[in-house]
Amino acid sequence: WGIIILAALSGAVVGLGGLTRYAFGWLIIPVLVFLILFGGRQRVVLALIALAVFVAVMAPWVARNYYVSGKPFGTATYAVVESTMLYPENRLQRSLEPDFSRLYVMAFWLKLNTNLRQIVTIELPKLGGSWVTAFFLVGLLVGFRNLAITRLRYFLLGCVLVLTLTQALGRTQLSEESPDINSENLLVLLVPLVLVYGVSLFYLLLEQMRLPFPELRYIVVGIFSLVTCLPMVFVFLPPKTAPVVYPPYYPPAIQTVAGWLKEKEMAMSDIPWAVAWYGQRQCVWLTLKCTPDAKDPNTHEDFFAINDYQKPINALYLTPQTMDARFLTQWIRAGEQSWGSFILESMVKKKVPDYFPLSESQAGWLPEQLVLTDFQRWRRAP
């Protein structure tokens with residue numbers, strides 16, 4: 001019964017990890033392979049138990065997502081389509097009517113090939129963020145007498161392979177904007193096992209070293225531990241990192257704008273997640289276009305497609321994410337219906353275009369930000 005309980009716990013742990021980030025759920029594949037290879041006579045039963053518990057943990061939340069949005073994983077369902085040639089950068093997240101009829105297999109292959117190159121050359125060598133990673137990579141070539149460590153190596157290799165493919169196909173613009181720390185870095189989940197395996201190789205090599213006196217062993221272990229902890233030590237040394245990441249996030253300004261809106265009213269911004277987090281207000285991502293495209297009237301990817309047909313937008317909040325964009329590539333070449341053209345026209349004429357329903361702007365606001373509302377909401381009693 002002990003191994004059956006462990007198999008059930010392994011499926012439950014992967015299921016709980018899948019609830020924190022959906023890509024974690026792919027680890028059920030190396031778990032099932034591991035149980036089938038090393039599960040003994042009950043290998044099939046153990047694998048089925050782990051799979052059943054995993055599905056039982058994930059199923060309620062997946063069913064809730066499907067009931068709310070019609071997709072099992074919400075917008076994360078389209079992660080494999082993002083950052084492809086058809087929908088580069090964050091165009092898919094900002095599209096109101098995405099067209100998937102033009103998708104082809106080669107687009108996914110190109111995304112996989114491009115991201116795999118970066119993962120293999122940059123992210124895998126620095127896995128774990130310390131020198132122990134070097135011991136881990138060398139330890140993959142060393143034979144251990146301990147059967148548990150040997151099986152751990154096979155499980156680690158399977159996890160590395162699965163998470164590398166998952167991270168490459170699920171990579172989006174978020175990884176480009178924040179390459180070091182982001183929720184799409186799946187290989188960091190293996191750091192605990194990498195450290196365990198790397199330290200095992202270190203002690204194996206330490207036992208083969210001929211030291212002048214036995215007490216020197218403790219000095220070597222201390223130096224190894226200090227070198228391993230150096231990245232963490234440098235984090236706490238001055239200069240200290242500012243808690244506010246501006247641009248584009250400035251929580252006081254975000255809370256001020258959100259405070260002008262009622263609880264059920266909605267805003268539009270280029271950082272809607274920050275408005276929802278700091279301001280506790282509904283906010284939709286900035287659309288691809290500012291005005292309807294006269295050349296293609298059947299496409300509705302503009303401000304008015306939401307404001308007129310879905311829900312009124314009571315405030316527009318633009319940060320340096322848009323205001324400090326590239327002048328030529330992101331403003332001029334984007335076309336007359338782009339937000340860059342809207343900003344240029346507003347700056348040249350010193351007024352908001354007449355066709356835009358949000359025309360009120362508070363004087364003395366931050367120069368890097370643009371806030372437009374339907375009326376002078378800042379004069380209303382709080």
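Quick check, is Arg210 open to solvent by less than 30 Å² (accessible area, probe 1.4 Å) and without any contact (Cβ under 8 Å) to a residue 60 or more places away in the chain? No: the conditions fail for Arg210. Considering only residues in the stretch 65-94 that are in contact with a Pro (Cβ under 7 Å, 6 or more places away or on another chain) and farther than 17 Å from Trp285 by Cα, the one that is least open to solvent (accessible area, probe 1.4 Å) turns out to be Asn65. Flag set for Tyr197, criterion: touching a residue at least 24 places away in the same chain (Cβ under 8 Å) and either open to solvent by less than 80 Å² (accessible area, probe 1.4 Å) or under 16 Å from Asn115 (Cα atoms) (or both). Is the stretch 341-354 home to any residue that is within 14 Å of Gln369 (Cα to Cα), of a type in the set (S, T, N, Q) and modelled with pLDDT under 85? Yes - at least one qualifying residue is present in the stretch 341-354. With respect to (1) open to solvent by 40 Å² or more (accessible area, probe 1.4 Å); (2) over 26 Å from Glu82 (Cβ atoms); (3) not aliphatic (A, V, I, L, M), the lone exception for Ser183 is condition (2).
Considering the conditions (1) under 22 Å from Tyr249 (Cα atoms); (2) touching a residue at least 40 places away in the same chain (Cβ under 8 Å); (3) not aromatic (Phe, Trp, Tyr), Ser361 is excluded by exactly one of them, (2).
If you go through the stretch 235-243 one residue at a time, do you hit one that is assigned to a loop (DSSP other than H, G, I, E, B), farther than 30 Å from Leu32 by Cβ, in contact with a helix residue (DSSP H, G or I) (Cβ under 9 Å, 6 or more places away or on another chain) and open to solvent by 70 Å² or more (accessible area, probe 1.4 Å)? For the stretch 235-243, residues assigned to a loop (DSSP other than H, G, I, E, B), farther than 30 Å from Leu32 by Cβ, in contact with a helix residue (DSSP H, G or I) (Cβ under 9 Å, 6 or more places away or on another chain) and open to solvent by 70 Å² or more (accessible area, probe 1.4 Å): present.
Within the stretch 279-300, the set of residues being at pLDDT below 90 and open to solvent by 20 Å² or more (accessible area, probe 1.4 Å) comprises Leu288, Lys289, Thr291, Pro292, Asp293, Ala294, Lys295, Asp296, Pro297, Asn298, Thr299, His300. Mind checking which residues of the stretch 2-31 are in a helix (DSSP H, G or I), farther than 25 Å from Gln42 by Cα and open to solvent by 40 Å² or more (accessible area, probe 1.4 Å)? Scanning the stretch 2-31 gives Leu19, Thr20, Tyr22. Here Pro312 fulfils each of the conditions (1) at pLDDT below 90; (2) open to solvent by 20 Å² or more (accessible area, probe 1.4 Å) apart from (1).
In the stretch 245-278, of all residues being part of a loop (DSSP other than H, G, I, E, B) and closer than 25 Å to Arg379 by Cβ, the one that is least open to solvent (accessible area, probe 1.4 Å) corresponds to Leu261. If you scan the stretch 105-152, which residues turn out to be modelled with pLDDT under 85 and among the hydroxyl-bearing types (Ser, Thr, Tyr)? Scanning the stretch 105-152 gives Ser130, Thr133, Thr150.
Specify the residue that is surrounded by the fewest Cβ atoms within 10 Å (Cβ to Cβ); the eligible residues are those in the stretch 337-355 that are in a loop (DSSP other than H, G, I, E, B) and in contact (Cβ under 8 Å) with a residue 40 or more places away in the chain. It comes out as Tyr355. Scanning the stretch 39-53 for any residue that is more than 30 Å from Ser338 (Cα to Cα), basic (Lys, Arg) and either in contact with a strand residue (DSSP E or B) (Cβ under 6 Å, 6 or more places away or on another chain) or modelled with pLDDT of 95 or more (or both) turns up nothing. Scanning the stretch 142-166 for residues that are surrounded by fewer than 17 Cβ atoms within 10 Å (Cβ to Cβ) and β-branched (Val, Ile, Thr) yields Val142, Thr150. Among the criteria (1) outside any helix (DSSP H, G or I); (2) modelled with pLDDT under 90, the one Trp331 does not fulfil is (1).
Entry remark, the stretch 220-234: residues being open to solvent by less than 40 Å² (accessible area, probe 1.4 Å) and touching a Ser or Thr at 6+ places or on another chain (Cβ under 8 Å) number 1 in total.
For the criterion of being under 30 Å from Gln321 (Cβ atoms), polar (S, T, N, Q), out of contact with any helix residue (DSSP H, G or I) (no Cβ under 8 Å at 6 or more places or on another chain) and open to solvent by less than 60 Å² (accessible area, probe 1.4 Å), Ser178 passes.
Counting only helices (runs of 4 or more DSSP H) that sit completely within the stretch 112-225, those holding 3 or more residues that are of a type outside the set (A, V, I, L, M, F, W, C) and farther than 30 Å from Gly39 by Cα correspond to 173-177. Which members of the stretch 95-132 meet the condition of being among the charged types (D, E, K, R), open to solvent by 50 Å² or more (accessible area, probe 1.4 Å) and in contact (Cβ under 8 Å) with a residue 24 or more places away in the chain? Answer for the stretch 95-132, where residues must be among the charged types (D, E, K, R), open to solvent by 50 Å² or more (accessible area, probe 1.4 Å) and in contact (Cβ under 8 Å) with a residue 24 or more places away in the chain: just Glu97.
The values are calculated or read from the model by the stated rules, or taken from the named source; none is laboratory data. Not measured: the values here are computed from a predicted model. Methodologically, a virtual Cβ is constructed for each residue, glycine included, from the backbone with ideal geometry; neighbour enumeration extends over all protein chains shown. Protein only, heavy atoms only, side chains kept; ligands, DNA and RNA dropped before computing areas. Shrake-Rupley method; radii C 1.70, N 1.55, O 1.52, S 1.80 Å.
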